[in-house]
Amino acid sequence: MSTHPLSPSLPSPAESDHQLLERLMAGRARISEELGKAIVGQHAVIEQIMLALLAGGHCLITGAPGLAKTLLVKSISRIFDLHFQRIQFTPDLMPADITGTEILQDSGHGRSMTFVPGPIFANMVLADEINRTPPKTQAALLEAMQEHQVTAMGVRHPLAEPFFVLATQNPIEMEGTYPLPEAQLDRFMFNVVMDYLPENEEVEVVMRTTGGRPLKIESLFSGADVQRFHHLVQQVPVTTELVTHAVRLAAASRPNQPGTPGFINDWVSWGAGTRAGQSLILGAKARALFHGRVHVKLEDIQALAAPVLRHRVLLNYRAEADGVKIDDVITKLIEHVK
């Protein structure tokens with residue numbers, strides 16, 4: 001079932017979209033069952049990453065060390081039979097270390113320059129602690145995330161499809177880090193917050209990890225299936241009223257604009273752009289399918305407001321002084337935009 005990591009899978013024409021959708025619906029319980037072999041709890045986090053996968057978006061995962069972020073991403077890649085690569089970002093990492101480089105090689109007919117692909121040439125790339133590497137290396141991800149290609153020595157090298165970047169940030173240690181610029185943050189569909197487990201679930205984790213080898217996770221879908229899921233998500237119908245609501249929700253986060261609520265002017269220095277509305281609707285479509293529906297509801301948009309907006313809305317010093325958190329502002333936004 002596995003394919004060569006650099007060879008994109010092609011969808012099978014034998015299966016209709018309806019049959020693929022039925023297989024996704026039937027496979028929801030199996031996905032939870034397989035992930036449950038490795039991951040305890042974190043249901044909201046898992047759902048948000050799954051929705052980004054179905055919609056074809058990238059994810060930023062914020063959480064303290066030791067919360068199984070790497071294990072979660074690797075487990076999801078196994079379920080969808082995707083080639084996985086992990087890159088540990090460090091202050092001395094260079095762009096060529098992740099994208100690849102040209103080397104001089106003797107082919108027997110003379111010497112020539114040959115491109116050696118870097119670890120970014122995978123279906124699912126985990127950029128671990130992305131804020132620990134300088135902006136020059138962070139920027140090397142921009143072209144890959146947006147264009148799904150890498151340019152080396154003027155030659156463009158397409159990446160395998162599907163292609164996802166899941167980047168992690170450690171919110172605790174900020175000394176010696178390089179915060180991602182807003183332009184790059186905006187390219188992540190969701191900012192998923194991974195928090196500590198409740199006591200009973202943490203006890204289960206310790207019992208599992210100290211009592212034997214973990215169970216093997218089985219593949220349920222393929223890379224070709226994921227590409228077809230992207231097409232299915234885009235076909236989910238959504239009313240003009242709901243699109244308008246998503247646009248108004250993003251627009252209401254922009255300070256000093258007509259109709260902006262007072263708490264935004266007080267606490268926000270920069271609001272969300274147009275990509276926020278796009279991510280809200282695309283994510284809502286994916287959530288509708290994932291929950292067995294073929295139409296979008298208002299609850300889909302509201303459920304994804306936090307992961308879509310929390311990295312696109314920047315709070316000012318007054319919010320920090322008042323003890324206001326970004327999720328508090330988003331909750332008030334949801335209540336304000338009816």
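For Glu204, are the conditions met, namely being surrounded by fewer than 17 Cβ atoms within 10 Å (Cβ to Cβ) and assigned to a helix (DSSP H, G or I)?
Judged against the criteria, Glu204 is a match.
Of all the residues that make up the range 118-144, how many are in a strand (DSSP E or B) and either outside the structural domain of Leu53 (by TED's automatic domain parsing) or in contact with a Pro (Cβ under 9 Å, 6 or more places away or on another chain) (or both)? Give the steps one after another, and end with the answer.
Keep residues of the range 118-144 that are in a strand (DSSP E or B), which gives 124-128.
Still in the list and also either outside the structural domain of Leu53 (by TED's automatic domain parsing) or in contact with a Pro (Cβ under 9 Å, 6 or more places away or on another chain) (or both): 124-125.
Going through the range 118-144 one residue at a time, the tally reaches 2.
Please find, among Pro307, Pro237, Pro255, the residue that is closer than 30 Å to Leu21 by Cα and in contact with a strand residue (DSSP E or B) (Cβ under 6 Å, 6 or more places away or on another chain). Before the answer, list the steps.
Values: Pro237 fails: in contact with a strand residue (DSSP E or B) (Cβ under 6 Å, 6 or more places away or on another chain); Pro255 fails: closer than 30 Å to Leu21 by Cα.
Checking each option against the conditions leaves just Pro307.
One line per residue, one yes/no per condition, for (1) buried (at least 19 other Cβ atoms within 10 Å of the Cβ); (2) free of Cβ contacts under 8 Å to residues at least 24 places away in the same chain; (3) in contact with an Asp or Glu (Cβ under 6 Å, 6 or more places away or on another chain); (4) closer than 18 Å to Thr99 by Cα:
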{"position": "Arg132", "(1), (2), (3), (4)": "yes, no, no, yes"}
{"position": "His148", "(1), (2), (3), (4)": "no, yes, no, yes"}
{"position": "Phe164", "(1), (2), (3), (4)": "yes, no, no, yes"}
{"position": "Gln169", "(1), (2), (3), (4)": "yes, no, no, no"}
{"position": "Asn200", "(1), (2), (3), (4)": "no, yes, no, no"}
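Of everything in the range 178-198, what is in a loop (DSSP other than H, G, I, E, B), surrounded by 16 or more Cβ atoms within 10 Å (Cβ to Cβ) and touching a Pro at 6+ places or on another chain (Cβ under 9 Å)? Give them in sequence order.
To start, the set of residues in the range 178-198 that are in a loop (DSSP other than H, G, I, E, B) comprises 178-181, 186-189, 195-198.
Still in the list and also surrounded by 16 or more Cβ atoms within 10 Å (Cβ to Cβ): 178, 180, 186-189, 197.
Listed by number, the residues that qualify are Tyr178, Leu180, Met189.
Given the conditions (1) in contact (Cβ under 8 Å) with a residue 40 or more places away in the chain; (2) in contact with a strand residue (DSSP E or B) (Cβ under 8 Å, 6 or more places away or on another chain); (3) surrounded by fewer than 18 Cβ atoms within 10 Å (Cβ to Cβ), report the number of the one that Glu143 does not fulfil.
It is condition (1) that Glu143 fails.
Inspect all residues belonging to the range 316-337 and state whether any of them is of a type in the set (Gly, Ala, Ser), in a helix (DSSP H, G or I) and within 15 Å of the chain's Cα centre (by Cα). Full working, then the answer.
Applying the first criterion (of a type in the set (Gly, Ala, Ser)) to the range 316-337 yields 319, 321, 323.
Pick out the ones that are also in a helix (DSSP H, G or I) and you get 319, 321.
The next check asks that each one be within 15 Å of the chain's Cα centre (by Cα); those that pass are none.
Checked the range 316-337: no residue is of a type in the set (Gly, Ala, Ser), in a helix (DSSP H, G or I) and within 15 Å of the chain's Cα centre (by Cα).
Can you work out which of the residues in the range 234-286 that are assigned to a loop (DSSP other than H, G, I, E, B) and polar (S, T, N, Q) is surrounded by the fewest Cβ atoms within 10 Å (Cβ to Cβ)?
Start the filter on the range 234-286 by keeping residues that are assigned to a loop (DSSP other than H, G, I, E, B), which leaves 236-239, 252-261, 271-273.
Of the ones still in play, those that are also polar (S, T, N, Q) are 239, 253, 256-257, 260.
Values: Thr239: 12, Ser253: 25, Asn256: 9, Gln257: 12, Thr260: 17.
Among residues in the range 234-286 that are assigned to a loop (DSSP other than H, G, I, E, B) and polar (S, T, N, Q), the one surrounded by the fewest Cβ atoms within 10 Å (Cβ to Cβ) is Asn256.
In the range 207-233, how many residues are surrounded by fewer than 14 Cβ atoms within 10 Å (Cβ to Cβ) and acidic (Asp, Glu)?
1
Scanning the range 302-330 for residues that are farther than 21 Å from Gln169 by Cα and without any contact (Cβ under 8 Å) to a residue 24 or more places away in the chain, which turns out surrounded by the fewest Cβ atoms within 10 Å (Cβ to Cβ)?
The extreme case among them is Gly323.
The values are calculated or read from the model by the stated rules, or taken from the named source; none is laboratory data. Please read these numbers as outputs of a predicted model, since none were measured by experiment. Virtual Cβ from ideal backbone geometry, glycine too; neighbours counted across all protein chains shown.
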